[in-house]
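Here's the structure, in structure tokens; my notes come after.
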Amino acid sequence: MWQLILHRMVATIPVLFLVSAGVFMLIHLTPGDPIDAMMAESVDAGVKETLRRDLGLDRPLALQYAHWMGRILQGDLGQSIRNREPVIENVGRRIRPSLQLAALAMAISLVVAFPIGILSAARRNSPLDGAGSLFSLFGICMPNFLLALLLIFFFGVTLRWLPISGYTDPFEEPLAGLRSLALPAITLGLALAAVIMRTLRSSMLEALAEDYVRTARAKGVSEWRVIGGHVLRNALIPVVTVMGLQLGTLIGGAVITEYVFALPGVGRLVVDAVFARDYPLVQGVVLLIAVGYIVSNLIVDLLYGWIDPRIRIR
Amino acid sequence: MPSNRARSSSRAVSRRAFLRLSALAAGGLAPLTAPGARRAWGQAAPKKGGTLRVGFYVEAATMDPHLSGSKVDRQVYHNIYEPLVTLDNKLGLRPGLAESWQQPDAKTIVFKLRQGVKFHDGTDFNAEAAKFNFNRMKTEPKSVRKGELANVESVDVVDAYTIRLHLRRPDAALLATLTDRAGMMVSPKVIQEKGAELERNARGAGTGPFQFVEWVKDAHLILRRNDAYWNKSGGPYLEQIRYRPIPDDTVKLQSLQTGEIDVMDYVQPRDVAAVKADRNVVVVDVPSLADFAYQLNHTRPPFNVKALRQALAYAVDLEQIVKGVWLNVGVPANGPIPPTSWAYDSSIPFIKRDLAKAKAKLAEGGKPGGFSFTVTTNNIPINIQEAEVIQAQLAEAGIAMKVKLVDSATLLSDGNSKNYEMISYQWSGRPDPDGNTYQFYKTSSGVSLNWSGISNPQIDAILDKTRETPRQADRKKLFSELVRLLQDELPMLFIVHPIEPKAFSPRVQGYDPVPDGMMRFREVWLK
């Protein structure tokens, strides 16, 4: 396993290098200027020039990139232009709500997707399966922002059960925290549940057609033990793959959900940084999100080995 | 809070009603908008305590008024810091931290400072502190106030509570400039001890009715009542003010409707009618100082030709735009000076649509068959709608307008580099008409807010004269002359002076709307 991790770490280096060059080029080629964006109503060209020089924005792009890479190699992601705080501090503040939201959404999706997925596969073509398909179609088709607004309308405005915006840390105030995360987590969790449920159902149907299932049934093993002990475990690989990919998206890409519910997460941070042309912040956050993706994929690979010893690296 | 007024007012504010409101606000007969009058209605006496929860569209950028470049910062500052001069709700100048002022000659202002004022850190506010602030604004490398104080040559301490400002040239607009960030006094001790940390932590820094407690970025910013506030008559009443950013307009409004916040800074025109019908929300129409327009690039075709600019102006129907796009939450603009200003000249009509004249001007400009150009505008719903309406109106005159949608950072850099033909420009406005005119129309080289590149000796001369003329009545005449010239030269296509409605929970009492749009909570209390 350690070998796998080491192998992966080495393979990560060129990926991160490409990501860094890509994001640097893209954000610098986008029209707009961080100083103009920061001082929209200032007429003082002198102040702007001083700032631009201080931040090194007047130097050639290649030099700026080299300077940035040099600092990254020393573990320094730089400073936000807008709030003049280290990128790592900005991300540190935003990663907590994002991780909590991702974990909660994932939990909700598993609680919803597994029973429906298993039942749909086990009772294929029954009305239950039909209802499951309908649910997953709804979950996949429903845009996040629409679902978010509907949830706000029902649970926030009409029933007044849950707060509709803002964030409280569940580790500081558990009840208020969970309440503040409930609606955004349901918004993300339902869409994710739909994807996981469909994947689980189809991979279980495939496994159900395997010879070992027939053998197990022939031995007289009860249907639920067949499903629980044999089918489910073999059907999990694609599900774990989907979950791994979605986890990365949940942490860095829940922009719309974070925006609608006024949650201070990483997704909103990066979008706000793009609008402000806060170059170091955009670059730093994107790089960290890339690292996040790589780590979550690594975890998925390690899980494969645990679920299915046949693909364990010796 | 004039709740019954807000509820009973018509769903949209008519042009006439807005002008009347503005006139009242400017003329001082305003039982509708003045809070003093509200108390005279025999409402309950103000009571102390409670937390006011305020929803803003975006988070503040910095707590240091000398380094601040964004509007939302000012909303917070006006409760922590105090300027030398303040505005009343008719935009009149009132004593702030300066008790009085005199101008012995056109290039000297002497401020008598208020005694017995302490910063929140316990240090005294006095002439030395004021001088320190002016020097910092003028010399600190990152200071954003340099342009506003460019005419201030030096500051002398006359005695412990008197300072004298020496000006490079006469500047009739300077006092109004000192009603905002450029006049706000920060504790010198806090600046020296905290340094750059002041940007995140303004504890002890101001003299205002509320003091900074904490700012958890992206979550909330909390102010607490300053019990040692120097002015013992009236507020502050609130125990705390808690600001938080809610970026989505719909969600912000729903947060107000469900009682999660008590105040929201701005209601979109599309929501105004619905909100006014909601008994749980009180809307206050605050006529603004803003000036929404399109800059026309005088340095390149097609708008380097005056007749074509005029053809454009005659082809556009402002009444239709204000009615259809702004839903009457604003009035058609006759120029850059809003109806809230003492310098507004209601005898100058806005440019009315006249297709025959537009066609004649096209012919005069050498394009009898029309021409085509591109407008650069913000990719937000109301701007897109406005562009589409203008596009349709121009098409009837044979002018083809293409729409280029950009985000605000691109808009700013396109404007600063004059890389456009016609570009949206939304100016939040300044209390003195100078702030809505000089920097936009004065001949300038290099980067400036004069995006149109207009350079007209007659306009330049009037602009300079408005600064040198001390009497308001004389200045008003000059500004009227300027507006007429601008309507002829058209550096901008003036569209609308918007109203900035703010919404409150019915619990909130005593809010006094000042047309600069800043929410000062000193007199506010919770029922």
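The values are calculated or read from the model by the stated rules, or taken from the named source; none is laboratory data. Fair warning: this is a prediction, and the values are worked out from it, not measured in the lab. Counting neighbours? That spans all protein chains shown, and the Cβs are built from the backbone with ideal geometry, glycine included.
What tally of residues in the stretch B:236-247 results from selecting those that are within 26 Å of the chain's Cα centre (by Cα), surrounded by fewer than 21 Cβ atoms within 10 Å (Cβ to Cβ) and among the charged types (D, E, K, R)? Number of matching residues: 1. Within the stretch A:211-250, the set of residues being among the β-branched types (Val, Ile, Thr) and over 19 Å from A:Leu147 (Cα atoms) comprises A:Val213, A:Thr215, A:Val221, A:Val226, A:Ile227, A:Val231, A:Ile237, A:Val239, A:Val240, A:Thr241, A:Val242. Of the residues screened, B:Gln426 is not one that is surrounded by fewer than 21 Cβ atoms within 10 Å (Cβ to Cβ), assigned to a helix (DSSP H, G or I), at pLDDT below 95 and not small (Gly, Ala, Ser).
In a residue-by-residue description of the stretch B:94-115, the property of being within 23 Å of B:Asp64 (Cα to Cα), in a loop (DSSP other than H, G, I, E, B), within 14 Å of another protein chain (Cβ to nearest Cβ) and of a type outside the set (Asp, Glu) applies to no position. Filtering A:Asp33, A:Asp54 for residues that are facing chain B (nearest Cβ under 9 Å), surrounded by 15 or more Cβ atoms within 10 Å (Cβ to Cβ) and not β-branched (Val, Ile, Thr) leaves a single hit, A:Asp33.
Matching residues to (1) surrounded by fewer than 21 Cβ atoms within 10 Å (Cβ to Cβ); (2) at the interface with chain B (Cβ under 10 Å from one of its Cβ atoms); (3) out of contact with any Pro (no Cβ under 8 Å at 6 or more places or on another chain); (4) within 23 Å of A:Gly132 (Cα to Cα):
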site: A:Gly156; (1), (2), (3), (4): no, yes, no, no
site: A:Pro163; (1), (2), (3), (4): no, yes, yes, no
site: A:Phe171; (1), (2), (3), (4): yes, no, yes, no
site: A:Arg179; (1), (2), (3), (4): yes, no, no, no
site: A:Ala185; (1), (2), (3), (4): no, no, yes, yes
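Spot the failing condition for B:Ser413; the list is (1) under 30 Å from B:Gly517 (Cβ atoms); (2) away from chain A (no Cβ under 11 Å); (3) of a type in the set (Gly, Ala, Ser), and only one is missed. The failed condition is (2). Where helices (runs of 4 or more DSSP H) sit wholly within the stretch A:221-289, those with at least 3 residues that are at pLDDT 85 or above and farther than 26 Å from A:Leu18 by Cβ occupy A:232-253, A:255-260. Taking the criterion of being away from chain B (no Cβ under 11 Å), surrounded by 13 or more Cβ atoms within 10 Å (Cβ to Cβ) and either among the basic types (Lys, Arg) or within 15 Å of A:Ile256 (Cβ to Cβ) (or both), the residues of the stretch A:125-145 that qualify are A:Met142, A:Asn144. Being out of contact with any strand residue (DSSP E or B) (no Cβ under 9 Å at 6 or more places or on another chain) and closer than 30 Å to B:Arg242 by Cα is a property that does not hold for B:Asp474. The set of residues in the stretch B:418-428 being within 9 Å of chain A (Cβ to nearest Cβ) and over 24 Å from the mean Cα position of the chain (by Cα) consists of B:Asn419 alone. Of all the numbered requirements in (1) within 19 Å of A:Asp278 (Cα to Cα); (2) of a type in the set (D, E, K, R); (3) away from chain B (no Cβ under 12 Å); (4) in contact (Cβ under 8 Å) with a residue 60 or more places away in the chain, A:Arg94 misses one, and that requirement is (3). Go through the stretch A:82-91 and give me each residue that's surrounded by fewer than 22 Cβ atoms within 10 Å (Cβ to Cβ), more than 18 Å from the chain's Cα centre (by Cα) and either of a type in the set (Val, Ile, Thr) or within 11 Å of chain B (Cβ to nearest Cβ) (or both). Correct list: A:Arg82, A:Asn83, A:Arg84, A:Glu85, A:Ile88, A:Glu89.
Taking B:Leu394, is it aliphatic (A, V, I, L, M), within 26 Å of A:Arg52 (Cβ to Cβ) and not in a strand (DSSP E or B)? Spelling it out, it is not the case that B:Leu394 is aliphatic (A, V, I, L, M), within 26 Å of A:Arg52 (Cβ to Cβ) and not in a strand (DSSP E or B). Restricting the stretch A:67-81 to residues that are among the small types (Gly, Ala, Ser) and farther than 19 Å from A:Phe275 by Cα, the residue that is nearest to the other protein chains (Cβ to nearest Cβ) is A:Gly75. Selection of the stretch B:121-142 for residues being touching a residue at least 12 places away in the same chain (Cβ under 8 Å) and in contact with a Lys or Arg (Cβ under 7 Å, 6 or more places away or on another chain) yields B:Asp121, B:Thr123, B:Phe125, B:Met137, B:Lys138.
Looking at the stretch B:385-408, can you tell me whether even one residue there is under 24 Å from the mean Cα position of the chain (by Cα), small (Gly, Ala, Ser) and more than 13 Å from chain A (Cβ to nearest Cβ)? Yes, the stretch B:385-408 contains a residue that is under 24 Å from the mean Cα position of the chain (by Cα), small (Gly, Ala, Ser) and more than 13 Å from chain A (Cβ to nearest Cβ).
Taking the stretch B:47-81, which residues are in contact with a Gly (Cβ under 8 Å, 6 or more places away or on another chain), in a loop (DSSP other than H, G, I, E, B) and at pLDDT 90 or above? Once the filter is applied, which keeps residues that are in contact with a Gly (Cβ under 8 Å, 6 or more places away or on another chain), in a loop (DSSP other than H, G, I, E, B) and at pLDDT 90 or above, the stretch B:47-81 yields only B:Tyr81. Given the residues B:Val190, B:Val155, which is the only one that is in a helix (DSSP H, G or I) and either within 21 Å of B:Met63 (Cβ to Cβ) or more than 14 Å from chain A (Cβ to nearest Cβ) (or both)? When all the criteria are applied, what remains is B:Val190. Considered as a group, the residues in the stretch B:199-220 that are in a strand (DSSP E or B) and under 26 Å from the mean Cα position of the chain (by Cα) include one that is surrounded by the most Cβ atoms within 10 Å (Cβ to Cβ), and that residue is B:Phe210.
The C-beta contact set for the stretch A:100-128 (first residue free of Cβ contacts under 8 Å to residues at least 40 places away in the same chain, second residue in a helix (DSSP H, G or I) and of a type in the set (Asp, Glu), distance under 9 angstrom, 6+ apart or interchain) comprises A:Leu119/A:Asp129; A:Arg123/A:Asp129. Taken over the stretch B:351-381, residues that are of a type outside the set (Lys, Arg) and surrounded by 19 or more Cβ atoms within 10 Å (Cβ to Cβ) amount to 10. For the stretch B:284-322, the set of residues classified as among the aromatic types (Phe, Trp, Tyr) and closer than 20 Å to B:Gly369 by Cβ consists of B:Phe303, B:Tyr314, listed by residue number.
For the stretch B:221-235, state whether one or more residues are within 14 Å of chain A (Cβ to nearest Cβ), charged (D, E, K, R), farther than 14 Å from B:Tyr81 by Cα and surrounded by fewer than 20 Cβ atoms within 10 Å (Cβ to Cβ). No; the residues of the stretch B:221-235 include none that is within 14 Å of chain A (Cβ to nearest Cβ), charged (D, E, K, R), farther than 14 Å from B:Tyr81 by Cα and surrounded by fewer than 20 Cβ atoms within 10 Å (Cβ to Cβ).
Within the stretch B:183-198, the set of residues being free of Cβ contacts under 8 Å to residues at least 60 places away in the same chain and either over 29 Å from B:Asp434 (Cβ atoms) or crowded, with 24+ Cβ neighbours inside 10 Å (or both) comprises B:Gln192, B:Glu193, B:Lys194, B:Gly195, B:Ala196, B:Glu197. When A:Ala122, A:Ala102 are screened for being under 21 Å from the mean Cα position of the chain (by Cα) and crowded, with 17+ Cβ neighbours inside 10 Å, only A:Ala102 passes.
Among the residues of the stretch B:429-455, the one identified as at the interface with another protein chain (Cβ under 10 Å from one of its Cβ atoms), among the polar types (S, T, N, Q) and not in a loop (DSSP other than H, G, I, E, B) is B:Gln439.
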